[in-house]
Structure formats: structure tokens, C-alpha cells
Amino acid sequence: MQSLDPERIEAEWQAYWEEQGIDTLVEDDGRPHYYTLEMFPYPSGDLHMGHARNYTIGDVISRYKRMCGYNVLHPMGWDAFGMPAENAAIKNNSSPAEFTYGNIATQRASLKRLGFSYDWSRAVITSDVDYYRWGQWIFLKFWEMGLVERKSSAVNWCPSCLTVLANEQVVGDGECWRCGTKVQKKELEQWYLKITEYAQELLDDLDQLTGWPERVKQMQANWIGRSVGAEVDFTLLAADGTTTDQTVTVFTTRPDTLYGCSFFLLAPEHPLVKELVAGTPYEKQVAKVVEAAAGSTSIERQGGERQKTGAFTGRYVINPVNGGQVPVWVADYVLMDYGTGAVMAVPSGDERDFEFARQYGLPIPPVVLPENDPLLEELAGVRDRVVEDVKWGQAYSGPGLMVQSGQHTGLWGGKDSEGAKAVIDGLAAMGKGRASVNFRLRDWLISRQRYWGNPIPVIYCEDCGIVPVPVSDLPVVLPMDIDLTRGEGLASRQEFLHVDCPVCGRDARRETDTMDTFTCSSWYYLRYTDPHNADAPFDRAKTDSWLPVDQYTGGIEHAILHLLYSRFFTKALRDAGLLDFDEPFANLLTQGMVKLDGETMSKSKGNVVAPEEVVGQYGADVLRLYILFMAPPDKDLEWSKEGLEGIQRFTVRFWRLVHDLLGLAGEDSLFAGTRAGQPAAEAGGLPAAEGLGAESRAAAERLLRERHRVVGKVTDDIERFNFNTAIAALMELTNTASGYLRVSAAAARAADPACQAADRELAETLVRLIAPMTPHLAEELWQKALGKSRSVHLEDWPSYDAVLARADEVEIAIQVNGKVRARITVPSGAPEDGLREAALAAAAELLAGAAPKKVIVVAGKLVNIVV
RNA sequence: GGGGGCGUGGCGGAAUUGGCAUACGCAGUGGACUUAAAAUCCACCUCCGAAAGGAUUCAGGGUUCGAGUCCCUGCGCCCCUACCA
């Protein structure tokens, strides 16, 4: 027996698998399809432990499903465009392409060293022109469908990355998702994809995603942010108080509180603001609020809450339900990009309005009263406004009785209430309002003022305006010779910038913005089904047969960004007639983080453990098994060197056990450590094993049962991704088998053919069970120790017999009043009646004559006697 | 503020439908082997107790024959999100 040498074994079998092409997909071989996918990495350096975890989980699923008889698509690629490559290029005086492709080579080597079963012939790199040309093609397809829009709006600008960002990429307290710099607001003309057209469907179809974590679905639902309510039109009064024909519309979820509107608010960025105050005494104060809001990145917080500021504009609007004149204010807490940018303030029913009213001395008339409110007696049924100001310490935003609300007084108010409906109906009849649904989701801003990305295929012509690049002119190739260290960008290349207008043929200018990298990752899972297609992004027949992805595995950080964008792309491509399914990922597994001393591993904190290092020291199999064992995949994993070494010990024990079972162990026997050639049991005080005596026969029986039980357990656990307990069960089987070998003499086993066959069968089972997790170790044992000539990874998953897994006898706990007082052993499958009798007999002494009131029998488990 | 999740030995964690709490591993302790150590093997290893026995899944209450699991209250922790009208 050779000693376990991971370095030699792993190199040898990786070469063998590659040469045999066992991971290369053979399409349409008659087996059912299974598509397992892990989120592809960004090539910013070598792989980190989070990648190792993500891809280990995916690899176990892939190998397990293959052994279960599926034709498994298990691809890998790189999300290769983006900022870090630009920054690194400037720092290292090289180019983004050099940096990116260098890291891809490094990561590819690391992935191979970890023994992942990817079909490398299908690798997709998003910065390859053969890939991104189809991203441009899809952009033009979306253009055709009316899903592309160029518009001017207040956008998020990262002053460090020198580019705009999508709403989803502004994180935390208004920071850039990539560099953490405070984002600024800028009014700019940019390219958008109309994801909002799919808002309702993106929300509704979350219900279809039964294989997604509730948490992720909730996060997406919150992000989409559907609110039901109404739009209300307020008529603007001129400066002299006369009526104009101009209206300002608000969105509200509480139309029932409309009678309590005592002031009207505009966002500082609202286009009307300037116009209202121009040349008036109010201009100065209002301008102050507007300016402060523009620099709101530096807003101070007071006691965790922002101080609200605002200013009166000197103008009024008319409340459509009661004709009341309402002062118009500008307030910094009103957001331009939610609703209409204008708000009807109802301070008695909204905490923020309440706070603002108190601060500026504005009235707070009550309109919806909570139960038991002292005002109920005074105001019940009162239609006109008699109380202008409540004495409350805070607003009441719950449901309640409507008062001081004209004809709607006495109705029940609240979100989506009868009162709300009645007010909407009244407004609709007047033509001053309508029921409305508002979404928080904004259109997806996809243009980036960066070089290292997919060029937006658009041309600006002085005569023809904005012209899409004709499909026949694709791809728009990204020039590779841009020198970022000299401050160059796409506009620096005349041959890129200047182009003949596709319509009129005159000199025109190319768009120099590139697309958000998230557009590249929004459809890569489709490309894997047909990665070399030169005529189309993908082939409908292939996507139909492989998608949706059966199992997608990746980090929770993509809960909104990537997963929402991909869902949108899928739906849009479906509507383009290119796909026939609604959702890209049927099942989603979000793996937890890898931590060290309770902190997330990160380069900046300097607390990283590099997978490469661990592989070098312990081997890929040990790293993989450790990652799977230490925590369930969706929980955070605390790194522990001791734990890693424990797993290493287990792999050695497993290795020796298989050899022992086959009679191949010799001096490396599990029990060779104590006295040469003698079972350690002797030293441990057990009688020396002489042959297959009664004790070893009993052990053999136990072992057979355990074999069937553990195969069942490991199968169930892998199906449910409980890899940690699957490994625990394998450890138990290993321990049971060691116990059996300890009490039975090797010579006697070798002399008994039935015994030898059983031992061999067990060894084969063990190797097949561990194969998805430690593929190299398993292959070495399978081919070298067991003498097989075909890869273990092409074998069938072991089967088991539930009947054999059941013990002949089971131990039944006898409880008295719910506490375990005794145990009896009965034949398994004993009938309930018998069990009851046996239990009562066994408990007679304990009961001391007390008559049982009730006896509960749980078959095969326990009997509870209630006295 | 809103939403989601969690709380089990010294540690990571198990308990699949309400049915014997603490599987498996780490750390620790003792033993065998060794001149010795490491490695290996064996045994012990929730707490109190000499033992018999008792207590124990953050705390308190409830439902139930029976609760780590379900319900209520409180405490603590984590994650997401946030002037969203």
C-alpha cells in the first residue's frame, strides 16, 4: 500500500480526467439534462476562499448528479470587464486586457488544481469579442423592442470611479458599491434599459421561484417596492392667488387622509421649484434648501435621524376634495426619484410630515382617529374642520375612523381601506385623481464613462441624430491599445470615434460610453449552452432543453443586482421570441461567507487564507472536504486550522480503512501503530481476535445495517445540500467499519470468501459515496486499490435497501409522564399492542401500582405512560 | 423606523413531520505504543453530585401525553433596507 500523497494523486488524476475528457459534455446522449451553475468570478486576482467554497458546493452537486444518471452541464467562465482592471492597469503601468487575461490564466490554473469538473471547452469570457458582440446584438434587439432609452435625469455619479452608477449599485449610506466613495447626484443624459416595464411581472413571478431562499425573494420584492394608492392633482394658484390651469400631481398610499393635508411639499430637485420662487422674496430661502440638498452627500445626522429642512415658496395649491388653500413648501426629505417628486403632507397621519409641521409651526388637523382617542367623542361624525391642531406627541399612521373629512366622514380609513377607495372614486368623478400603483424600482442606468467594457453600439450623427449601429456592422470592437496611464479613453482613438453615419453616410461620432458589466452577466448562463455559436447569442433549441438552470449557487451579495437583472433579461428575451421560459434560475443556493476570527476575510483587512496555500499544504481534497464539513452551505463558515487538520486525519483514516478492508494495508493498517501486526484492540483491553467469532459476526451484521443506513443518509443529505451531515454519516460508517476490523482477525476474514466479498463491497460503497467530495482520493482508491479501469466519477451512485438498513431489534424508551425512566429492546416492527404491553410490564415497578391514565405509543421509538 | 434570520457543551455544529437533546468533528483529559517525543490506536469528555439522582437548548409564560422545534412576552445578536409619501 502506498501512503497517501495528495500532491502526486491530484496531479495524476487531473491529467487523467483531462486526457479522458470525462468532464466534456456529450450532448443528447439520452440521459436527462441537469444544469448546475455557479456564479462566475471576476478576475481581479487569484481565487479567494469564498470562490473555493462556492465552487466546491457546485462541484459536489455536479458530480453527484452525474453519478445519479444525469447528463450534467457544469460550465465556468469569467466576468471580465470592469473597473478593477482599469485601476490595476494604471497602477501597474500595463493594460486592462493584460491584467484581466493574466488573472484568468491564474484562476483557471487554481480551479483546475481544486479538481472541479468543468467542461473547459465551454468557458465564456465576457471581454472576448465573440461574447460581447452578442451583448451588443441583444442591446439592439432591446432597442427594437423599445426597451432602450436615452434620457436626462439626476443620476448617481461616483467621483472616484468617474462614472455613473445604477440605483442598485449605490449601497449603504449612499456609497459606490465598488469603491465605497460617497455618490453625488448629477443631472446627465444617459442610457437606460426599461426594467420598470417588467416591475409587476418581476414581482409576481417571485411566487414561481419555490426553490429560492425566502430572504432573497423578500429583498427583491422590497427593491421593486410596489405601493398601491392614488394620484391626486392639486391645482396651482398664481402668485396673486388666482386659479391657474396648471396642476401638480402627487402619489399617495393614503388618499383617505387627503382632508388632513395642511401643506404641500416639493422635492428640492422638482422642476417647478425654480419657477415658483423666481424673483420673489422667497427665492433666497428656497435656494438655500435646494443647495443644501444637492450636496446632501455630506448631510449630518442628528441622533441617528436626519434633521428635516424646508422653506415656504410663497405659493398655494388647491386641495381637490375640499377646495382648501394649501401652502407649498420645498422640503429636503421629499425625493425626486420616488413617486412624482411632490407630496401632500398630512402631518396627523405621517411621522415625517408631523415632525416637519412641528418644526415649522404648521397645523396638524386630525382626520383618522385611533380607537380610544380622546378626540373621538368630540369629533365623531364632524364633517367640517373644527380642530386645526392635535395635542399628540406623534402622528397616527394606522387605520381608524375618518373625521373632519367632509362627505367621507365616518368611513373607515387606512391603507387600502373603504375610505381610501371612496376618496379615490370621488376624485375620479371630478377628474382630479385616479387609483395608481407606484414602484420603487427605477429604470436600469447602463451607460458607464469607462473604457474597459462592452461598447454601446450607437452612433451620433449631426443630421440623423442618434442612430443604432446596424446589426450587420457588429461587432463594435473595443480597441486594445488604449493607454490608460496617459489618461486615454475610448474617445482618444480617432479610428474608433469617427465613423460614417449608417443612415446618411456622413462623418459621425461613435458613442464612447460602455455598458455596465452587469449587462454581460445577465445572459452568460444562456451562452454556456452554445458557447461557440457564430450566428446568434444562443440557439433556442439548446436553451429550451437546458434551461432554466436547475441549480444556481453563489453569494447573497447578488440577491438584488445580478439576480434581478438576469430575471429581467430572461423575460425581455422571451418577449423577443428568443426563449420560452420566464425565469432563468429554478433553484438558488446562497452560500455563507468564509470568516476568520469572526471577520469576513478580505485583502484590505489582511486576514485572508488563500486556497492555493491550503491546497499546497493539505491538498485539494482536504480543503474541499473541510469546507463542506465545517458548516451548512448557507451559513457562514469560521475558518479553523485545527478543523482542517481533523479532516486531514479523517482522509488518512479513510484511506487506510479501504486498504484494510481489501487486505492491502500491511504495515499501514489502521491498527499498525501499536504493536506490529496485532490489532490495537488488544492493547485497548479487548480480547484478541482469533477468527470470525460471535463478536465479529455481530459486528459484521451491524456494519451491513450501517452501510445501508449511511447510503440512505448521505443520499438524502446531498439532495438537501446538507454536506456537513453527509460527511458526519460517512465518518460514522468509517468508525463502525474500523470497529468491525478491530474485533475480527484479518487472517480469518481473508479465509472466508463471503466475508471478503462483503468487505470489498463496503470498500466500493465508501469510495463511491465520497467521490463527489474528494474526487482525487476516490479515483486513486477506485482504480489503484480496487483495481477498476473506469473512472469512479462515471459510476452509478450506490443504492441501498431500506429493509436491510433496519435493525432486527430496536431500543424503545419508556417514559413516565414524559420523562425517560427505562428502556426495553424489542424486535423491530413490533405491533403497537405488544409494545404497550411490554412497556407496561417493564414499567410495573416504576409505576408502583399507580394506574396508567393514558398510554401513548410511538412505533419504533417510545412509549409514554401517563399516570 | 421597516423587513428577514438567529440564540443548543469550552468551540464548529447535529436533532428531516412535535417523539430518547448534545450525532460528527475540534479542543481537552487519561491510557496503550515509544528510551523519549510526534504520529497512531483505545477510553472519557453538557452541568451539579462521591454516588443514587437531579438539572439543562437565552429568560419567563402558554398549548400538548410529550416542546430545541408551535404560540405569546422580554432580552441579546446578525443580516438586509431605509426620510419610499
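The values are calculated or read from the model by the stated rules, or taken from the named source; none is laboratory data. From a predicted model like this one, the values you see are computed outputs, not experimental measurements. Positions of Cβ are backbone-derived with ideal geometry, glycine not excepted, and every protein chain shown enters the neighbour counts. For accessibility, only protein heavy atoms count, side chains too; no ligands or nucleic acids. Shrake-Rupley method; radii C 1.70, N 1.55, O 1.52, S 1.80 Å.
For chain A, the longest principal axis of the C-alpha atoms and the axis of helix A:83-92 are separated by about 80°. A crude spin-label estimate for the pair A:Asp416 and A:Glu283, with each label 7 Å from Cα along the Cβ direction, gives 4.8 nm.
Scaling the Cα radius of gyration of chain A by the globular reference 2.2 N^0.38 Å produces a ratio of 1.23. Rolling a 1.4 Å probe across the protein heavy atoms gives segment A:350-405 an accessible surface of 55 Å² per residue. Amide H contacts for A:Ser436 (H built 1.01 Å from N in the peptide plane; partners 5 or more residues away or on another chain; cut-off under 5 Å): A:Gly229, A:Ala230, A:Glu231. Give me the percent of accessible area attributable to carbon and sulfur for segment A:521-658, probe 1.4 angstrom. Taking all protein chains in place, segment A:521-658 shows 49 percent carbon and sulfur surface.
For chain A, the longest principal axis of the alpha carbon atoms and the long axis of helix A:6-20 meet at an angle near 70°. Each principal axis of the Cα atoms in segment A:205-255 has its own extent, and those three values, largest first, are 61, 16, 14 angstrom. For segment A:747-758, the Karplus equation 6.51 cos²θ - 1.76 cosθ + 1.60, evaluated at θ = phi - 60°, returns couplings of 5, 5, 5, 5, 7, 10, x, 5, 5, 4, 5, 5 Hz by residue, with Gly and Pro reported as x.
Along segment A:238-253 the Karplus relation, 6.51 cos²θ - 1.76 cosθ + 1.60 evaluated at θ = phi - 60°, assigns HN-Hα couplings of 6, 4, 8, x, 7, 6, 10, 9, 8, 10, 10, 9, 10, 10, 9, 8 Hz to successive residues, with x for each Gly and Pro. Over segment A:515-575, accessible surface divided per residue gives 24 Å², non-protein components excluded, 1.4 Å probe.
The angle between the Cα long axis of helix A:283-294 and the longest principal axis of the Cα atoms of chain A comes to about 10 degrees, rounded to the nearest 10.
Remark: segment A:416-430, residue by residue, has Karplus-estimated 3J(HN,Hα) of 6, 8, 4, x, 4, 5, 5, 5, 4, 4, x, 4, 4, 4, 7 Hz, where x stands for each Gly or Pro and the curve is 6.51 cos²θ - 1.76 cosθ + 1.60 at θ = phi - 60°. How high is the FRET efficiency between A:Val26 and A:Arg806 when r is their beta carbon distance and R₀ equals 41 Å, given to the nearest 0.05? For R0 = 41 Å, the calculated efficiency reads 0.55.
For the pair A:Thr210 and A:Arg836, a Förster radius of 41 Å applied to the C-beta separation gives a FRET efficiency near 0.50, rounded to the nearest 0.05. For segment A:169-269, the Kirkwood estimate of the hydrodynamic radius, built from every pair of different alpha carbons, is 18.2 Å.
Quick one: which of A:Lys819/A:Lys854; A:Lys542/A:Lys571; A:Lys217/A:Lys415; A:Lys217/A:Lys571 span more than 19 angstrom between C-alpha atoms? Over 19 Å Cα-Cα: A:Lys217/A:Lys415. Rounded to 0.05, the FRET efficiency of the A:Leu794 and A:Ala15 pair, given R0 = 22 Å and the Cβ-Cβ distance, is 0.85.
For A:Gly211, no residue 5 or more places off, or on another chain, has a built amide H under 5 Å of its own.
With a 1.4 Å probe and every protein chain kept in, tell me what percent of the accessible surface of segment A:712-853 is carbon plus sulfur. Roughly 50 percent, rounded to a whole number.
From the Cα gyration tensor of segment A:470-523, with a ≥ b ≥ c the square roots of its eigenvalues, which class applies: rounded if a/c is under 1.5, or else prolate if a/b is larger than b/c, or else oblate? Taking the square roots of the gyration eigenvalues as a ≥ b ≥ c, segment A:470-523 is oblate. Above 22 Å, the calculated P(r) of segment A:77-210 contains 60 percent of its Cα-Cα pairs. Taking label points 7 Å from Cα along the Cα-to-Cβ direction, A:Arg150 and A:Asp337 give a separation of 2.1 nm.
Oblate is the label for segment A:88-158, because the ratio a/c of its alpha-carbon gyration tensor axes (a ≥ b ≥ c) is 1.5 or higher and a/b is not greater than b/c. Note on segment A:2-84: Cα Rg divided by 2.2 N^0.38 Å, N the number of residues, gives 1.31.
Shown for segment A:416-537 is the translational diffusion coefficient from the Stokes-Einstein equation, using the Kirkwood radius over Cα pairs, a temperature of 10 °C and a viscosity of 1.306 mPa s: 86 µm²/s. Relative to the compact-globule estimate of 2.2 N^0.38 Å, the Cα radius of gyration of segment A:483-623 comes out at 1.50. Cross-link partners of A:Lys284 among aspartates and glutamates, defined as those whose alpha carbon lies under 20 angstrom from its own and excluding same-chain residues fewer than eight positions apart: A:Asp240, A:Glu269, A:Glu275, A:Asp332. Taken about its Cα centre, segment A:51-130 carries a charge dipole of roughly 500 debye when the Cβ of each Lys and Arg holds +1 and the Cβ of each Asp and Glu holds -1. For segment A:454-493, rounded, prolate or oblate, judged on the Cα gyration tensor with a ≥ b ≥ c (square roots of eigenvalues), a/c < 1.5 rounded, else prolate if a/b > b/c? Oblate is the answer for segment A:454-493, as a/c is 1.5 or above yet b/c matches or exceeds a/b.
Among the trypsin sites (Lys or Arg not before Pro) in segment A:701-794, those located in a DSSP loop and surrounded by at most 16 other Cβ atoms within 10 Å of their own Cβ are A:Arg720, A:Lys788, A:Arg790.
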